[in-house]
Amino acid sequence: MSRPKIILNLSVFDKSIEILTGFLLFFTWAWLLYHYSMLPEKIPTHFNLAGEADGFGHKNDLFILAVSATIIYI
């Protein structure tokens, strides 16, 4: 038994959102790769209500965010 194939007809709005999201994802990766060597080893990951950093992580953690965004986009 073959499974049905659903073909979605994207509106102009849908296509523009896809293009915008793809651009933002590309920009995220480009920014991260360009600035990675300039970042400190320890970066703030959380801020309290006073705006002070109270959580820190390694700069490699930024790749987890970029990979997660890419997976969600796909």
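The values are calculated or read from the model by the stated rules, or taken from the named source; none is laboratory data. Note that the coordinates shown come from a computational prediction; the quantities given were computed from them, not determined experimentally. All accessible areas refer to the heavy atoms of the entire protein, side chains included, with ligands and DNA or RNA removed. Shrake-Rupley method; radii C 1.70, N 1.55, O 1.52, S 1.80 Å.
Quick rundown of the values:
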{"quantity": "The chain - Debye-derived log10 I(q)/I(0), Cα point model, q = 0.16, 0.28 Å⁻¹", "calculated": "-0.77, -1.21"}
{"quantity": "Helix axis angle, 61-73 relative to the chain longest principal axis, alpha carbon, degrees", "calculated": "10"}
{"quantity": "Hits among lysines - C-alpha to C-alpha of K15 under 30 Å, sequence gap 8 or more where chains match", "calculated": "K5"}
{"quantity": "Percent carbon-and-sulfur accessible area, the chain, ignoring ligands, DNA and RNA, probe 1.4 Å", "calculated": "70"}
{"quantity": "Using θ = phi - 60° and Karplus 6.51 cos²θ - 1.76 cosθ + 1.60, couplings along segment 9-22 (whole Hz; Gly, Pro as x)", "calculated": "8, 7, 7, 4, 4, 4, 5, 5, 5, 4, 5, 4, 5, x"}
{"quantity": "Accessible area (Å², per residue) of the chain, counting only protein heavy atoms and a probe of 1.4 Å", "calculated": "89"}
{"quantity": "Contact order relative to length of the chain, as percent, for alpha carbon pairs under 8 angstrom and 6 or more apart", "calculated": "24"}
{"quantity": "Straight-distance crosslink candidates among aspartates and glutamates, where the alpha carbon sits under 14 Å from K59 and sequence neighbours closer than 8 are dropped", "calculated": "E41"}
